[in-house]
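Trainee: Have a look at the structure that comes next, please.
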Amino acid sequence: MADIIQLLPDHVANQIAAGEVVQRPSSVVKELLENAIDAEATVIKLIIKDAGKTLVQVIDNGKGMSSTDARLSFERHATSKIRNAEDLFHLHTKGFRGEALASIAAIAHVELKTKQPQEEVGTSIVIEGSEIVSQEVVVTPKGTSISVKNLFFNIPARRNFLKSNTVELRHVIDEFHRVSLAHPNISFVFYNNGSESFNLPVSNQRQRIVNLFGNKTNEKLVPVMEDTEVLKISGFVGKPEFAKKTRGEQYFFVNDRFIKSAYLNHAVASAFDGLLKNGWYPSYFLNLNVDPQSIDINIHPTKTEIKFDDEHTLYALLRSAVKHSLGQFNIAPVLDFERDPNLDTPYNYNQKESDTPVIEVDRSFNPFHEERNTLVKPSSYRKEPTSSWESLYVGLESKGTKTQHDFSEVHFESDHHSESLFVDDKSIDSGQTTYQLHNKYIVSTIKSGMLIMDQHRAHQRILYEDFLENLTVKGASSQQLLFPLQLHFSIQEIEIIKQLKEDLEYTGFIFSNLTDETVEISGVPISIPESEVSIILEQLICDVENEVPDSNFSITDLLAKSLAKSLAIKNGQALKKSEQEHLVNRLFACKEPNVSPANRTTFVTMSVDELDKKFI
Ligand code: ADP
Ligand code: MG
C-alpha cells in the first residue's frame, strides 16, 4: 500500500497551534503585552474594541524589530529569546516558544508596525490567515504596534464559541490586571471602545494595586516580606475584615509571571485560619522570586501553571510569612469573632447622625418568619406594598387568588406548560398534607402518590420567574432607605454594575450616585434585606464574570437567576407547615415548575403503584 503520511502545510499547523495558544481575545492580549514587556518597553498601550473580538492592539516603545526579524516573527518556532534547550532553565523573558505571533496570524487579520530606535524608518507587515498581504517600509515611532483584528475570522465555530462582550471583556481586564500588577515599573494605558479605562503610571506595587482596584484598597493591605535562600516573598495580603465572598483578588506572581496554584493558595488560606468566616476568601498580591532553575514553566502552553522543585518548603515558607505579617500588623489579636456581623459590612455610615438607631442586621433572615399567617390565606395576597418578604411573590395576583384546592384546575385552563405536569395523577390531593424532611425536602401527597420537592431549588424557581416578570413586564416596588447605602467596589466591578443598572432598577434598586469606586443606593427591592445588599451585588458581579455557560445567555436572565439564587431559602432551614404548603403551591403556579433556573430537578414524584411494588 502507498505511503499515506504527509507533513501538514505550515498554515494548517499554525491554525492547530492557535487552538492551544489563543482561546479568546484575552489570550491575544496576554501574548502581545508579554512581547512588549520582553522588548523592554516602558510605556505600553492596550486598545480593544468589542471586548477584543474586533480589535486588540498593543503599542509599545520597546526595542522594535529589524525588517527581517519582523517577517520572521510570524514563523512558527521563531524566537529571539532562547537558542538552545539549556536556555530554558535560565529564562528571564515571558515568551520563549516562538508560537504566539504565528498562531495569532493564522486566525486573524494582523498588522505590524515596528522600528528599532537607531533606525530612521521601520517596517509594516499585513498578514491575514498566515498569508503575507504586504510588507513595506514605513515611518513609525520607535517600538512596535501590533493590531489583531477580527479574531477567528476564518474559524466561525471558534468565533461563535466566544462569550458575550461582558464576559470576554472581563477576561481581558483580568489579563490586564495580571500583567500590569506584575510590572509596576512599566506604565500601562488601556482604552476600551475609545475611552480610557486605566492609566497606570510607573509606580510601586502598592500604588499599582490601588490604581487598579481603587483608593479604598490602600487601607486594606498588609505587607508581606520574607527573604530566604530559596525564596524571596514580597507583596501584600488583604486584611481579614476585607475578605470577599468570592475569590476575586488573588494573585501569585512567580518571577514576575502570574501563576495559578491551588497548593500555594492553600498555604495562604491556611495562614488565615480562624480569621475568616467559612466561605470568605482572602485577597492577596504575592510575588515569589525563585531561582529560574528550580521551576518548570514549560507545562502548559498558556503558562499559568508552574512546577516547583520543592513545593513543600515553599508552602511552609509562604504560610509562615503571611501568618507573621498578619500577626505583626496586629491583625489577629484584635479580631473579635463574636462581634456583630453588622460591623463587617463595608457600608459607609458617615452621613448618619450619632444618635440614630443602629440598623440591626439579621444574617439568618428568614422571610417566612414574618407575617407567616398571611402565607396561605389567599385573601391576604393583596398585601401592603411595603410588607417585607411577600414581594418575593409579586406577580401572584396576576396568577389568580385561587385557593390551593382549585389551583390545579387553574393551570389546566391557563398555561400549556403546566398541562403536561398537571395531568390528573399529579394534581395536588385536596386532602393535601406536607412534611419537611431534614429541613431540605418538602414531602407532599398528590392524588397518585407523593411528591418530594427540594425547597431551595423550588424557591429559586419561584423567585426567578417573579424577577423575570418584574424585569420584563412590570417593574417592582422599592423600599426607600433612610440612609443611602454607600458600597465600595473596584473600578471593573463598577463597570459591571453600570451595565446592569437599568435592569437592577426594574427589580427595585434605586441608584442615587455611581462614581468610579462607589455606588450609592437609596432604594432596594422590597424582597432584599438592606443588610444583604452588598453580598447580593457581589454575588451578582461574580455571576456575571463567570457566566454559567448558557446558549441563550442574556443579562436579564442572569440577573434574575443570580438574585433568585441569593434570596432563595436555603436547605437546612426549618419551614412551618403553612410555609411548606405555600412553597408547593407557588412552585406549581410557575411556568416551568419542574426545574430550577439552573435546570436542576425541583421535585420528584412516586406513585402508589411504585410504592406498592416496593412492598411486594
Ligand atoms: P516568543 O515571545 O515566544 O519569542 P512570539 O511569537 O510571541 O514568540 O514572538 C516572536 C518574536 O518576535 C519574539 O521572540 C521577538 O523577537 C519578536 N517580537 C514579538 N513582539 C515584539 C515586540 N513587541 N517588540 C519587539 N520584538 C517583538
Ligand atoms: Mg511572545
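Any read-out appearing in this document is the output of simple, stated calculations on the displayed coordinates, not a laboratory observation. All values reported here derive from a predicted model rather than from experimental measurement. Cβ sites come from the backbone with ideal geometry, for glycine too, and all protein chains shown count toward neighbours.
Trainee: Suppose the chain between LYS591 and ASP174 were pulled fully straight at 0.36 nm per residue; how much longer would it get relative to their current alpha carbon spacing? Could you put the intermediate results ahead of the total?
Mentor: Working: separation 417, 0.36 × 417 = 150.12 nm, distance 3.80 nm.
Gain on extension, LYS591 to ASP174, equals 146.3 nm.
Trainee: What does the net charge come to around ALA321 if you take all other residues with beta carbon closer than 11 Å to its beta carbon, with K and R at +1 and D and E at -1?
Mentor: Numbers: positive: LYS232, ARG319, LYS323; negative: GLU226, ASP227.
After counting each charged neighbour, the total is +1.
Trainee: Answer rounded, prolate or oblate for segment 143-264, using the Cα gyration tensor with square roots of eigenvalues a ≥ b ≥ c: rounded when a/c is under 1.5, else prolate when a/b is larger than b/c, else oblate.
Mentor: Details: a/c = 1.79, a/b = 1.69, b/c = 1.06.
Cα axes put segment 143-264 in the prolate bin.
Trainee: Kindly identify segment 10-200 as rounded, prolate or oblate by the Cα gyration tensor criterion: order the square roots of the eigenvalues as a ≥ b ≥ c, call it rounded if a/c is under 1.5, otherwise compare a/b with b/c, prolate if a/b is larger, else oblate.
Mentor: The shape class here is rounded.
Trainee: Testing the spin-label approximation: label points 7 Å from Cα along Cα→Cβ at ASN215 and GLU75. State their distance in nm.
Mentor: Here the modelled spin labels are 5.4 nm apart.
Trainee: What is the distance, in nm, between label points placed 7 Å from the Cα along the Cα-to-Cβ direction at ARG247 and at SER164?
Mentor: Simple spin-label model gives 2.3 nm for this pair.
Trainee: Would you please give the FRET efficiency between GLN23 and LEU88, computed as 1/(1 + (r/R0)^6) with r the Cβ-Cβ distance and R0 = 30 Å, to the nearest 0.05?
Mentor: Details: r = 24 Å, r/R0 = 0.80.
After rounding, the FRET efficiency stands at 0.80.
Trainee: Which length gain, in nm to one decimal place, applies between LYS440 and GLU136 when the Cα-Cα distance is subtracted from 0.36 nm times their residue separation?
Mentor: 102.4 nm
Trainee: Next up: May I ask you to derive the relative contact order of segment 436-544, considering only C-alpha pairs under 8 Å and at least 6 residues apart, and to give it as an integer percent? Don't skip to the end; give the middle numbers.
Mentor: Details: 133 pairs, mean separation 25.0, N = 109.
Relative contact order of segment 436-544: 23 percent.
Trainee: Which value, in debye to the nearest 20, describes the size of the charge dipole of segment 10-200 about its Cα centre when Lys and Arg Cβ atoms bear +1, Asp and Glu Cβ atoms bear -1, and nothing else is charged?
Mentor: In debye, rounded to 20, segment 10-200 gives about 460.
Trainee: Tell me the net charge near VAL138. Cut-off is 9 Å between Cβ atoms, VAL138 excluded, with +1 for each Lys or Arg and -1 for each Asp or Glu.
Mentor: Neighbourhood net charge equals +1.
Trainee: Residues of segment 159-179 with the amide nitrogen closer than 13 Å to a label point 7 Å from the Cα of GLN499, along Cα-to-Cβ, please.
Mentor: The answer is 163-174, whose backbone nitrogens lie closer than 13 Å to the label point.
Trainee: Calculate, for VAL230 and LEU276, the FRET efficiency according to 1/(1 + (r/R0)^6) with r their C-beta to C-beta distance and R0 30 Å; round to the nearest 0.05. Before the final figure, lay out each step's value.
Mentor: Working: r = 28 Å, r/R0 = 0.94.
Calculated value: 0.60.
Trainee: Starting from the 7 Å offset along Cα-to-Cβ, what nm value, one decimal, do you get for the label separation of VAL189 and VAL121?
Mentor: Placing both labels 7 Å beyond Cα along the Cβ direction yields 2.7 nm.
Trainee: Something else: Which of rounded, prolate or oblate describes segment 435-605 when judged by the alpha-carbon gyration tensor and an a/c cut-off of 1.5?
Mentor: Judged from the Cα gyration tensor, segment 435-605 comes out prolate (a/c at least 1.5, a/b above b/c).
Trainee: Among LYS576/LYS614; LYS142/LYS260; LYS142/LYS163; LYS45/LYS149; LYS30/LYS244, which pairs are too far apart, with a Cα-Cα distance over 28 Å? Walk me through the numbers on the way to the answer.
Mentor: Numbers: LYS576/LYS614 31 Å; LYS142/LYS260 35 Å; LYS142/LYS163 36 Å; LYS45/LYS149 16 Å; LYS30/LYS244 26 Å.
Long pairs (Cα-Cα over 28 Å): LYS576/LYS614; LYS142/LYS260; LYS142/LYS163.
Trainee: Length gain on complete extension for the stretch GLU196 to SER66, per 0.36 nm per residue less the alpha carbon to alpha carbon distance? Write out the running numbers ahead of the final one.
Mentor: Working: separation 130, 0.36 × 130 = 46.80 nm, distance 3.11 nm.
Contour length minus Cα-Cα distance gives 43.7 nm.
Trainee: So if I average 1/r over every pair of distinct C-alpha atoms in segment 205-330 and take the inverse, what Kirkwood radius in Å does that give?
Mentor: By the Kirkwood definition, the hydrodynamic radius is 14.9 Å.
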